[in-house]
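Working notes, beginning with the structure itself.
Coordinate-derived values only; no laboratory data. As the structure is a computational prediction, the values presented were derived from the model and not from experiment. All Cβ positions, glycine included, derive from the backbone under ideal geometry; neighbour counts span all protein chains shown.
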Amino acid sequence: MSCALLLLLMSLALAMGTGAAVEIQRPRGVPLSSEQFYEENKPFTCLDGSSTIPFDRINDDYCDCRDGSDEPGTAACPNGSFHCTNAGFRPAFIPSSRINDGICDCCDTTDEYNSGATCQNTCREMGRKERESLQIMAEITKEGFMLKQQLIHEAKRGQEDKQGKLTELQGSKKGLEEKVEALRTVKETAEDPEKEAKERHLKSWEEQKELIRMEKDKTRMAEAFLELDDDADGYVSVAELQSHLELDPDSDGSLTETETQVRCLSSSSTLFLPLKSREEFLSHYQSLICDPEFIWICRNLEKEIGFDFGPSAEFAYLYSQCYELSTSEYIYRLCPFNRVSQKPKFGGSETNLGLWGQWAGPEDSLYSVMKYDHGQGCWQGPNRSTTVKLTCGKETVVTSTSEPSRCEYLMEFTTPAVCQEPASLDEVLQGHTEL
Amino acid sequence: MANFIERMCLYLVLVLSVFLSIIQAVDRSNFKTCDQSAFCSRQRAMKPGQSSYRALLETLELSDSHLTVQLLNNNNKVLLLLELYRLQGNMTRVKINELKPVKPRYEVPDVLITDPPTELMSVVAQDEHRVVLSLGGEDWRLILSAQPFRLDIMEGPQVLLSLNSRGLLAFEQLRIRKDTKSQTDTKEAGEKEDTEKHDKEKVSEGEEAEEEVDQPGMWEETFKTHADTKPNGPSSISLDFSLPGVEHVYGIPEHADGLRLKNTDGGDPYRLYNLDVFQYELFNPMALYGAVPVLLSHNTHRTMGLFWLNAAETWVDVSSGQGSSEVPQTDVRWISESGIIDVFIMLGPRPNDVFTQYASLTGTQAFPPLSSLAYHQCRWNYNDQEDVSAVDQGFDEHDIPYDFIWLDIEHTDGKRYFTWDNNKFPQPKDMLQGLLDKRRKMVTIVDPHIKVDSSYKIHTEIRSRGYYIKNKDGGDYEGWCWPGNAGYPDFTNPEMRKWWASMFAYGQYEGSMENLYTWNDMNEPSVFNGPEVTMHKDALHGPWEHRDVHNLYGFYVQMATAEGQIQRSGGLERPFVLTRAFFAGSQRYGAVWTGDNAAEWGHLKMSIPMCLSLGLVGISFCGADVGGFFKTPSAELLVRWYQAGAYQPFFRAHAHLDTPRREPWLFGPDNTALIREAVRQRYTLLPYWYLQFYHAQRTGQPVMRPLWVEYPEDIATFSIDDEFLIGRDLLVHPVTDERSSGVTAYLPGNGEVWYDVHTFQRHDGAQNLSIPVTMSSIPVFQRGGSIICRKNRVRRSSSCMENDPYTLYVALDSQGNAEGELYIDDGHTFKHETDKQFIHRRLSFTANSLSSSDLSPDSQFPSASWVEQVNILGAQKPDAVTLTTTDGGESSVEFAFDPDTAVLTLRKPGMNAGVNWTLHLR
């Protein structure tokens, strides 16, 4: 058989749109689009022009052309490719090394014509399945896209609301700031006699101890304030607090809103201030830096408004939400624009798998991938990081997680916000069926 | 429960400390120097001088097969028995044991494939001082001198080798510990206690034996926190060998050192003690995972070998210098902790004679399944079935062939070998079937440490059958390894091995299929909390101490595993088992790799001498982790490693759990293409590799060879270990330097010609050739005078290429001749042995004719493969080419001649690979 001429012409009965069968003859493995280069019984010029050979050396199981174009239907050329028509499904090219290798690659079985492999023609079945799944996808896309419009609308309205509230609160904040300044002066004046009193009572340590301790606390607090007030504007914002990781009680590398509040509350409750002016100052000061309303303002001012929620802010709804996926060992938690974490199901502490980094999709679809990095460090390795792949779906849900490489996580996440305007279903199906 | 938690905490601390120790290079303090090993330090303190041993010639007895004579230690009057054998094939065996030991001393079983056949020895001359024995031939003599005792092997007037010429024979006789109370206060064991004379045989009345003084470490020894109780006391042995005229010695793997052994004066001896060494250092005589106590000596006239058959901890001192009369000389001294002296002197004289001699003792390389010579993709770990499937798919997408994908320890249910993690691998058979559908295979790891867990069948069976190694107090020995607390099956027990083998039956190993093979790791054995990360020497294997058998453990693990694979197929299929620990004879059971190397250029370079050293002592199926196990290779290093690995026998990429993924397509399209090309070159040469392994199995010749093996008279080759030969015909000089712009390859052989396999450019032998290189260069040369068969249609796995045609590369020598061979069988069964189902042909080009003739007329195998092309390198343009086949048919063959390269290409001659034919160039 080996020396036999393997010029095998295919007889292809191809279902046309009309249902009529037309017979086309061309050398095995040649796509319809290249048929004209293989003119029967005429010398064949390799497609790269490197040489010209008699027609009977096409598919004779010996490689004559450097580009492999003389052996489209055999495995003779290392760089050849074989075209399967796959009627009923999608045509494909496979490397010619997969011809007669005993493995069914083409769903129409044409790649295994002399290997003894028994292949079933699965093209129609695959075509049907693909059409079904395309149909489902198209429906999802359609619905998802509608949801997306809603999300865009909501995001727009939300933003307007916030802007209004912000302006209002900025006004009241200013008033409060002025009041605090005034009170500070009063307090400082009132504190002078206290100092003198303290000196007088230095001898009786036992009695004064408590006071000294309080004094220390006060100093520490003032220092802390100065230290925290990174931008030296006289106020400590939440962002400033969050930038001080030494205040982070769970050492997860980030200071959450809750933690910030806890700190504010605990510091005020441990202070005992005999002076009325001090109390007044502090209560206003506390309300300035710890009032939830102000925190809300700070947050919206310095973070939310600054975020890139997509071209039409369609991702804004994910902000301050968290989505979980439970696997056999862990619960994974994705808080978009914030962090990704992993917690063992059966006890053990949470691991930070990355903090919000940036959108990281390819140029043409930047918003299809989120990158979270600077997570907890790995032994002898990098800091943990997570890539979140976004796909169109009606629901917002984490569908899978994996750790393809040590400490590099991959998360699949569906959301309507990435759904593209659907092409009509007909167009989709047409694009996937030849002839 | 509290106990459990405590144990878990201990485990964590332990694992953590083990891991922390990986961060830096090897922590040398974990491993003993000679000084820290009591017997080594005792023995090494003994300096060359007059031997205290005397041969009692009056006790000499000569039988047909051997000679015996007693040796007397003049100091302590202990008698030894020397046995001398002249073995068939130009070997001499020297055995020395105590004449009457207080209890038996360990003699290594199972390593020799037979009781070596002997040849008649005759006494040529004898007087009161010496006996001269004939070793056959006219002038082969063995001279036994009585006082002091020494042996000299002579060829004519020339001394080839002397034993005990430096007087370093030492034999610590077993003794009864007289002072039992000292056992309660072992700290003082080192101090002089009232030692009595042992009631040893006395030679004659009146001679008084000297008092023997107990020395430190004789009855107990502590290393770090580990105490070694020594109920049998001192038992070490030592012997020296002198090799006049020898400057180059090789062998005694495994060490991360150059091919040529170095002088150990002033440093530590080379150590042979199978150990799990984290991040081993290069250029160091420290012990590694395996031990083959075989040393080769070589000079321009003669190659010889010494095989020191002892499985205990062994140290080897090598000292080269001027002997008497300014002749160079190498002295070698072996020191072992227990057992007997049993040494085989292989007299060569040529390198291939030594290989044949050694193979006749310990067997040859197992003939591996063809697919195992292809490319292996491994990583700690492929996480789950989806991961396996994605990697498998990745190879197809990037059109890179591979045959085996490997699963490391994480695939198991909690490091319980023979099981699968149900979450990650819920359907192992589906996964294996998926691979089988692509004609690919898988390897899972099966380590010898067994999790102590009463719900784990393997453990409960081993425990209930009493198959575990025992601790010194008789309970099951337990140590820490990957699963936590683990037991270690006693693989020295044949019953245990039989049972272990039965666990590989498809019905026993659930989820296994015929395309699943095995990897034995950690079989030194590795014990995380043991002394030097291995087992306590006072653990018990039946009557023997672990001390006696240590270096054999890994050998037995692989033996039992390979046997299991053979049995599961009803004896039909060849096994494939990779092992990390090994001993002499391990070649019979599969492949070895050089353990946990690192992604560094130095480790890439070191892979060559390490595998060359193993090849010299019989273990041909050797490879290093491509890319380096620890740390992360640069793309350049990874590409260079693939290029080098593609030309080494065992070709597997592997990576540590904590390194980023490094499948070949993750480094950009350029690097993917470079790696693809390297792997494809491997696949085209698989017929040649397979032929080399066929030869290795038949003859014991190494597959990967140092140049001196083929050019034994060319001194320039003696120290080369940055290039090597595959078989006789391919010379490889991998690029192992970063940003290299060129390499200098030594092309050996006066009058030899070499052809660049990529450009077909012809170069003369006996020259240093500068070769400019780019990232795609893999300098490889085919020897003029050889014919190599390739399969140039590279497919996704080797099995897919089974019926593909061959392309012949006929490289003409300076006389215009060439010879080669072709071997074909089914690639995976024993039918080549049992049913003579194979094709073995000689291809020969002479007088302008290329012909194929049958080298094994009584065998046959139906092959669909044919010859699609013949390339004749160094040819002249013929007028016509005709093909003659056995049926008398004659046909004209088309050809093309390239005058620039002098390559004649014959187009599609088309004959079947299994028939006789001749191609005539006119």
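Among B:509, B:683, which comes first, second and so on when ranked by fewest other beta-carbon atoms within 10 Å?
Neighbour counts put them in this order, fewest first: B:509, B:683.
What is the sum of charges around residue B:434, taking Lys and Arg as +1, Asp and Glu as -1, for the other residues whose C-beta is under 15 Å from the C-beta of residue B:434?
-4
I need B:391, B:446 ordered by Cβ neighbour count within 10 Å, fewest first.
Going from least to most buried by this count: B:391, B:446.
With equal scatterers on the alpha carbons only and no solvent term, can you work out the Debye log10 of I(q)/I(0) for the protein assembly as shown at 0.04, 0.06, 0.07, 0.09 1/Å?
-0.33, -0.70, -0.89, -1.24
Return the calculated 222 nm mean residue ellipticity for chain B, to the nearest 500 deg cm²/dmol, obtained by summing -39500 (n - 2.57) across DSSP H runs with n ≥ 4 and dividing by the residue count.
Helix contribution divided over all residues of chain B: -5500 deg cm²/dmol.
Grab the other residues whose beta carbon is less than 13 angstrom from that of residue A:144, score K and R as +1, D and E as -1, and report the net.
Counting the neighbours of residue A:144, the net charge comes to -2.
What whole number of Å gives the distance from the Cα centroid of region B:734-783 to the Cα centroid of region B:82-121?
If you average the Cα positions of each part, the centres end up 46 Å apart.
Size of chain B along its principal axes in angstrom, Cα-based, largest extent first?
94, 77, 51
Let me check against my output: what whole-number percent is the relative contact order of region B:729-921, with C-alpha pairs under 8 Å and at least 6 apart?
Relative contact order, region B:729-921: 17 percent.
If we sort B:539-545, B:868-874 on the protection proxy, mean other Cβ atoms within 10 Å, highest first, what's the order?
For the peptides B:539-545, B:868-874, the packing ranking is B:868-874, B:539-545.
For Cα pairs less than 8 Å apart in space and 6+ apart in sequence, what is the mean separation divided by the residue count of chain B, i.e. the relative contact order in percent?
9
Could you work out, residue by residue across A:93-99, how many beta carbons of other chains sit within 10 Å of that residue's beta carbon, and then give the average as an integer?
4
Gain in length, residue B:64 to residue B:716, computed as 0.36 nm per residue apart minus the alpha-carbon separation, to one decimal in nm?
Answer, rounded to one decimal: 230.3 nm.
Among A:52, B:579, what is the fewest-to-most ranking by other Cβ atoms within 10 Å?
Starting with the residue having the fewest Cβ neighbours, the order is A:52, B:579.
Show me the ranking of peptides B:727-738, B:283-294, A:138-149 by mean Cβ neighbours inside 10 Å, starting with the highest.
B:283-294, B:727-738, A:138-149
How high is the relative contact order of region A:316-415, in percent, counting Cα pairs under 8 Å that sit 6 or more residues apart?
This gives 18 percent for region A:316-415.
Students often get this wrong: which residues of region A:389-415 have the backbone nitrogen under 18 Å from the point 7 angstrom along Cα-to-C-beta of residue A:364?
A:390-392
Averaged over B:655-666, how many beta carbons belonging to a partner chain fall within 10 Å of each residue's beta carbon?
3
Answer rounded, prolate or oblate for region B:370-709, using the Cα gyration tensor with square roots of eigenvalues a ≥ b ≥ c: rounded when a/c is under 1.5, else prolate when a/b is larger than b/c, else oblate.
Prolate, because a/c is 1.5 or more and a/b exceeds b/c.
With a point put 7 Å past each Cα toward its Cβ, work out how far residue A:146 is from residue A:177 in nm, to one decimal.
4.8
Are there trypsin sites (Lys or Arg not before Pro) in region A:324-355 that DSSP marks as loop and that have at most 14 other Cβ atoms within 10 Å, and which are they?
A:345
Dividing the alpha-carbon radius of gyration of region B:305-367 by 2.2 N^0.38 Å (N being the number of residues), what value is obtained?
For region B:305-367, the normalised Cα radius of gyration comes out at 1.37.
Let's test the formula: R0 of 22 Å, r as the Cβ-Cβ distance of residue A:132 and residue A:391. What FRET efficiency results, to the nearest 0.05?
Rounded to the nearest 0.05, the efficiency is 0.75.
Over region B:370-709, what is the percentage of antiparallel beta bridges among all DSSP beta bridges, to the nearest 5?
35
Amide H to amide H under 5 Å from residue B:408: which residues, 5+ apart in sequence or cross-chain, H placed 1.01 Å off N in plane?
B:379, B:382
Select from region B:545-633 those chymotrypsin sites (Phe, Trp or Tyr not before Pro) which occupy a DSSP coil region and have at most 16 other Cβ atoms within 10 Å, ordered by residue number.
none
Against the longest principal axis of chain B, how steep is helix B:635-645, in degrees 0 to 90 to the nearest 10, with axes from Cα atoms?
Taking Cα atoms only, the helix is inclined about 80 degrees.
Just the ratio, please: alpha-carbon radius of gyration of region B:781-922 over 2.2 N^0.38 Å, N its number of residues.
1.05
Give me the one-decimal nm value for the distance between modelled label points at residue B:897 and residue A:36, 7 Å along each residue's Cα-to-Cβ direction.
4.2
Near residue B:672, within a Cβ-to-Cβ distance under 11 Å, what is the net charge of the other residues, with Lys and Arg +1 and Asp and Glu -1?
Residues near residue B:672 contribute -4 overall.
I need the GluC sites (Glu not before Pro) found in region A:19-83, filtered to DSSP loop residues with at most 12 other beta carbons within 10 Å of theirs.
Here the GluC sites (Glu not before Pro) that fit, given the DSSP loop and packing criteria, are A:39, A:40.
Determine the shielding of peptide B:795-807 by partner chains: average, over its residues, the number of Cβ atoms on other chains within 10 angstrom of each Cβ.
4
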